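Colleague: The structure is given below, and queries will be raised subsequently.
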Amino acid sequence: MSTFQAPKGTYDLLPPNSATYLAVREAISGPLKNSGYGYIETPGFENVELFARGVGESTDIVTKEMYAFETKGGDKLALRPEGTASVLRAALEANLHKGGNLPVKLWYSGSYYRYERPQKGRYRHFSQVGAEAIGTEDPALDAELIILADQAYRSLGLRNFRILLNSLGDKECRPVYRAALQDFLRGLDLDDDTRRRVDINPLRVLDDKRDAVQRQLTGAPMLRDYLCEACKAYHEQVRELLTAAGVGFEDDEKLVRGLDYYTRTTFEFVHDGLGSQSAVGGGGRYDGLSEMIGGPALPSVGWALGVDRTVLALEAEGIVLDIPAATAVYAVPLGEEARRVLFGTVTALRRAGVATDFAYGGKGLKNAMKSANRSGARLALVAGERDLADGVVQLKDLESGEQTPVALDAVVDEITRKLG
Ligand code: AMP
């Protein structure tokens, strides 16, 4: 071990398990790539003010969890705690929304950073794949995103997840509800922190996990009763489209989520095998965010799915992904001359697209065959001096143990034929 360890709340992805993370990212991005979403990558840090305004001054993410710092040049930056604000900033900066081709549909994959209290499923560095559809108000777009996430989880074999759905209203009806909720909450017995939250973001109080708070919330005004006709009709359409697509969901009137920018549709994917950190993904509509960060009105919707928790969900359901072995052919040279010749064959095989590895370091036959078996390869290519003198190499099927000599100049063809 070195003197150093991964920082608290972080962990390293190492082979062979890291292949599962790659496969999860692939599975989540697959349906997006297939549905008109283009790939976007933004920097790992941004002006801290983007998140303060975009994510919300009153959120835990901004007040407690942001890795904010000042550079030598005096810039106030923060490691990105989430993806939406950055993606929207980038889209606006590049004028992707101009030219009449709305919505702008983007997907991303990357690392995010939150100074959280680490526990299983909650890390300080984690990984998300996300999608944003910018500039269009259409319930079919909200439905599309939820359907694509459902498709992604199902393609991984996941079954024990649920979709929670709610509407948070819009700038017409939400303020009326907010005031009514504040009136109610101010009559309760709450600690100072929670009272402050009542002033700044009362909806978040509904989300408080503590029993002492939850018990007092019986009889609180519900947003459902305050939704304006337009919001009700919009939400009803999202629900109908999901139902028509065969995607089940549960109405959850208390679902408000931890980011301030959501309006109308909000949703969360929860997995029942994960204990307290049960949210594997979430998202919603954020019609006001563009204006909050200085852009034009651009009604938008998006989600982010957590890669780490999706991997934990796979484990919870006992799902082992069928990931093909990284190596198909393993070459074992016996002696100097064979080393030179087989290294050439390995290069030729790789150029022909065959995943090939080589016994480096002058290992003996026994050790080299052990490495061949560990690599998961189907075939081993073994050659010693006598083989080379005969102009052949030995091709060994590592499953059946069967070994046949193959002419050196035919070996690439023979192997590509065998591997199909
Ligand atoms: P959020 O951006 O908070 O809506 O989170 C979206 C998804 O990212 C969550 O459902 C989790 O799967 C994942 N996520 C958020 N925070 C963390 C964290 N600290 N550690 C691991 N995964 C996280």
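Colleague: Test each condition in (1) without any contact (Cβ under 8 Å) to a residue 60 or more places away in the chain; (2) surrounded by 13 or more Cβ atoms within 10 Å (Cβ to Cβ); (3) touching a Leu at 6+ places or on another chain (Cβ under 7 Å) for H97 and report the one that comes out false.
Modeller: Failed condition: (1).
Colleague: If V392 meets every condition in (1) surrounded by fewer than 17 Cβ atoms within 10 Å (Cβ to Cβ); (2) without any contact (Cβ under 8 Å) to a residue 24 or more places away in the chain apart from one, which number is that one?
Modeller: (1)
Colleague: When the residues of the range 176-204 are filtered to those that are of a type in the set (A, V, I, L, M) and at pLDDT below 90, which remaining residue is farthest from E57 (Cα to Cα)? Even if it seems obvious, please write down each step before you answer.
Modeller: Pass one, the range 176-204, residues of a type in the set (A, V, I, L, M): 176, 179-181, 185, 188, 190, 198, 200, 203.
Adding the requirement that they be at pLDDT below 90 leaves 200, 203.
Working: I200: 9, L203: 14 Å.
Checked the range 176-204; the qualifying residue farthest from E57 (Cα to Cα) is L203.
Colleague: Right, next: When you go through L13, L22 one by one, which is the residue that is within 15 Å of the ligand (Cβ to nearest atom), open to solvent by 30 Å² or more (accessible area, probe 1.4 Å) and closer than 19 Å to G306 by Cβ?
Modeller: L13
Colleague: Identify the single condition in (1) in contact (Cβ under 8 Å) with a residue 60 or more places away in the chain; (2) open to solvent by 70 Å² or more (accessible area, probe 1.4 Å) that P118 does not satisfy, given that it satisfies every other one.
Modeller: With respect to (1) in contact (Cβ under 8 Å) with a residue 60 or more places away in the chain; (2) open to solvent by 70 Å² or more (accessible area, probe 1.4 Å), P118 is out only on (2).
Colleague: If only one of A91, A68 is at pLDDT 95 or above and open to solvent by less than 30 Å² (accessible area, probe 1.4 Å), which one is it?
Modeller: One residue alone meets the criteria, A91.
Colleague: Let me ask something else. Hey, which of the helices (runs of 4 or more DSSP H) in the range 172-284, taking only ones fully inside, have at least 1 residues that are within 27 Å of R117 (Cα to Cα) and touching a residue at least 40 places away in the same chain (Cβ under 8 Å)? It would help to see each step written out before you state the result.
Modeller: Working: elements: 174-186, 192-200, 211-216, 229-244.
The qualifying helices (runs of 4 or more DSSP H) are 192-200.
Colleague: Out of the residues in the range 292-309 that are in contact with a Ser or Thr (Cβ under 6 Å, 6 or more places away or on another chain) and over 11 Å from V24 (Cα atoms), state the one that is nearest to the ligand (Cβ to nearest atom).
Modeller: In this case the residue turns out to be G302.
Colleague: Would you mention how many residues in the range 292-309 are open to solvent by 30 Å² or more (accessible area, probe 1.4 Å), assigned to a helix (DSSP H, G or I) and modelled with pLDDT of 95 or more?
Modeller: Of the residues in the range 292-309, 1 are open to solvent by 30 Å² or more (accessible area, probe 1.4 Å), assigned to a helix (DSSP H, G or I) and modelled with pLDDT of 95 or more.
Colleague: Can you tell me how many residues in the range 200-242 are open to solvent by 30 Å² or more (accessible area, probe 1.4 Å), touching a Ser or Thr at 6+ places or on another chain (Cβ under 7 Å) and in the same structural domain as D252 (by TED's automatic domain parsing)?
Modeller: Matching residues across the range 200-242 total 0.
Colleague: Just to be sure I understand, how many residues within the range 243-257 are in contact with a Lys or Arg (Cβ under 7 Å, 6 or more places away or on another chain) and either under 16 Å from V301 (Cα atoms) or open to solvent by less than 30 Å² (accessible area, probe 1.4 Å) (or both)? Give the derivation first.
Modeller: Let us first name the residues in the range 243-257 that are in contact with a Lys or Arg (Cβ under 7 Å, 6 or more places away or on another chain), namely 250, 253, 256.
Pick out the ones that are also either under 16 Å from V301 (Cα atoms) or open to solvent by less than 30 Å² (accessible area, probe 1.4 Å) (or both) and you get 256.
Counting residues in the range 243-257 that are in contact with a Lys or Arg (Cβ under 7 Å, 6 or more places away or on another chain) and either under 16 Å from V301 (Cα atoms) or open to solvent by less than 30 Å² (accessible area, probe 1.4 Å) (or both) gives 1.
Colleague: Can you report the number of residues in the range 310-341 which are open to solvent by less than 50 Å² (accessible area, probe 1.4 Å) and within 16 Å of the ligand (Cβ to nearest atom)?
Modeller: 6
Colleague: Failed condition for K120, given (1) within 16 Å of the ligand (Cβ to nearest atom); (2) closer than 23 Å to Y261 by Cα, with all others met?
Modeller: (2)
Colleague: Separate question: If S276 meets every condition in (1) farther than 30 Å from S29 by Cβ; (2) within 16 Å of the ligand (Cβ to nearest atom); (3) among the polar types (S, T, N, Q) apart from one, which number is that one?
Modeller: (1)
Colleague: Is there a residue being surrounded by 16 or more Cβ atoms within 10 Å (Cβ to Cβ), within 16 Å of the ligand (Cβ to nearest atom) and assigned to a loop (DSSP other than H, G, I, E, B) anywhere in the range 142-165?
Modeller: Within the range 142-165 (the criterion being surrounded by 16 or more Cβ atoms within 10 Å (Cβ to Cβ), within 16 Å of the ligand (Cβ to nearest atom) and assigned to a loop (DSSP other than H, G, I, E, B)), the answer is yes, since at least one residue qualifies.
Colleague: Quick check, is H271 buried (at least 24 other Cβ atoms within 10 Å of the Cβ) and either in the same structural domain as R53 (by TED's automatic domain parsing) or within 11 Å of the ligand (Cβ to nearest atom) (or both)?
Modeller: yes
Colleague: Report, by residue number, each residue of the range 121-141 that is buried (at least 20 other Cβ atoms within 10 Å of the Cβ), assigned to a helix (DSSP H, G or I) and in contact with a helix residue (DSSP H, G or I) (Cβ under 8 Å, 6 or more places away or on another chain).
Modeller: P139
The values are calculated or read from the model by the stated rules, or taken from the named source; none is laboratory data. Since the model is a prediction, treat every value here as computed from it, not as a measurement. We place every Cβ from the backbone using ideal geometry, glycine too, and count neighbours over all the protein chains shown. For accessibility, only protein heavy atoms count, side chains too; no ligands or nucleic acids. Shrake-Rupley method; radii C 1.70, N 1.55, O 1.52, S 1.80 Å.
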